[in-house]
Amino acid sequence: MDDVSDRAVDILTEYVGSIFAKCIVKLSSRRSGCSFDAIDRQGYERLLTELEAGMRNYITDDHRRGECREKLVALLRVRVGAKGATAVPRATVVDIAEEADIVRARSAGKSLAASMGFPVAVQIRVATAISELARNIVQYVGKGVIEIRAITTPQAGIEVVAVDDGPGIGNLDTILDGGYQSKSGMGLGLLGAKRLMDHFDVATGPGRGTRVTLRKFADH
Ligand SMILES: Nc1ncnc2c1ncn2[C@@H]1O[C@H](COP(=O)(O)OP(=O)(O)O)[C@@H](O)[C@H]1O
Ligand SMILES: [Mg+2]
């Protein structure tokens with residue numbers, strides 16, 4: 001075994017013990033046809049897929065599995081870095097001005113959630129919440145940004161911040177109480193975004209624009 005596979009075994013040992021750790025590493029390398037010391041972009045993805053399959057079998061706790069995956073991704077990414085791994089950035093800022101930007105923001109959120117080991121259902125919740133915020137920026141302001149990042153405090157998870165310099169939301173309390181009837185009647189709106197996530201707060205006001213912060217934590 002080379003250095004990198006030893007490091008992978010070390011990481012996995014913390015979660016599954018050394019015997020299973022060695023099995024997962026050897027099997028992943030064999031099944032992906034990719035050696036840990038010569039990883040290219042395609043090899044990286046195949047290897048990661050196999051490692052994920054191994055982790056799913058032995059690490060039942062979602063949070064621990066996500067954490068283990070993060071460490072393995074960090075290890076492998078370093079090896080592929082120079083050749084341009086497809087690694088998902090840990091933080092992205094998406095400029096929002098038109099329909100296509102909503103799609104970009106949505107998929108950036110989904111990819112980050114996926115790379116952090118969130119289950120598909122949660123990836124979709126995050127993506128949907130992002131769409132609602134991005135759509136509001138397009139509809140009511142015209143332009144703004146959506147920041148999407150992995151966070152470790154107050155808990156490990158994903159944070160989405162939608163920022164604009166628009167007119168602010170006048171009737172925020174009514175909207176969040178559910179007493180507001182959306183003009184379009186479509187989508188989930190702000191209240192829907194709130195319900196999809198674990199943390200939600202809004203800072204808004206005339207002349208202050210609007211800043212909506214959403215978080216989804218890894219162990220929810
Ligand atoms: N970023 C924003 N800037 C200004 N007003 C906003 C913004 N986001 C939402 N709003 C206002 O809040 C209302 C409620 O938004 P939302 O809950 O998304 O429902 P909908 O967009 O379907 O009306 C909108 O109709 C709009 O008046
Ligand atoms: Mg809306």
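The slack in the chain from ARG90 to ARG195, taken as 0.36 nm per residue of separation less the alpha-carbon distance, amounts to 35.4 nm.
Relative to the Cα centre, what is the charge dipole magnitude of the chain, using +1 at the beta carbon of each Lys and Arg, -1 at the beta carbon of each Asp and Glu, and rounding to the nearest 20 debye? Can you show the working numbers first?
Values: 30 positive and 28 negative charges, 85 e Å.
It comes to approximately 400 debye.
Once the Cβ-Cβ distance of LEU188 and ARG30 is raised to the sixth power relative to R0 = 45 Å, the FRET efficiency obtained is 0.50. Measuring with a 1.4 angstrom probe and ignoring ligands and nucleic acids, THR153 comes out at about 100 Å² accessible. When you work out D = kT/(6 pi eta Rh) for the chain at 10 °C and 1.306 mPa s, using the Kirkwood radius from C-alpha pairs as Rh and the Stokes-Einstein form, the result is 84 µm²/s.
Excluding GLY178 itself, calculate the net charge of residues whose Cβ lies under 12 Å from the Cβ of GLY178, where each Lys or Arg counts +1 and each Asp or Glu counts -1.
Values: positive: LYS194, ARG195; negative: ASP173, ASP177.
Every neighbour counted, the sum reads 0.
Note on region 1-57: with neighbouring protein chains present and a 1.4 Å probe, carbon and sulfur make up 45 percent of its accessible heavy-atom surface.
Remark: the chain carries 52 Å² of accessible area per residue (probe radius 1.4 Å; ligands, DNA and RNA excluded).
Note on LYS194: lysines with a C-alpha under 16 Å away, same-chain residues under 8 apart excluded, are LYS216. The alpha-carbon atoms of region 94-136, seen along their principal axes, cover 30, 14, 10 angstrom, with the largest extent given first.
Only helical runs count toward this figure. For the chain, summing -39,500 (n - 2.57) over DSSP H runs of n ≥ 4 and dividing by all residues gives -16500 deg cm²/dmol at 222 nm.
The values are calculated or read from the model by the stated rules, or taken from the named source; none is laboratory data. The structure presented is a predicted model; accordingly, all values stated were derived computationally and were not measured. Please note: Cβ atoms are built from the backbone with ideal geometry, for glycine as well, and neighbour counts cover all protein chains shown. What goes into the accessible areas is simple: the full protein's heavy atoms, side chains included, and nothing from ligands, DNA or RNA. Shrake-Rupley method; radii C 1.70, N 1.55, O 1.52, S 1.80 Å.
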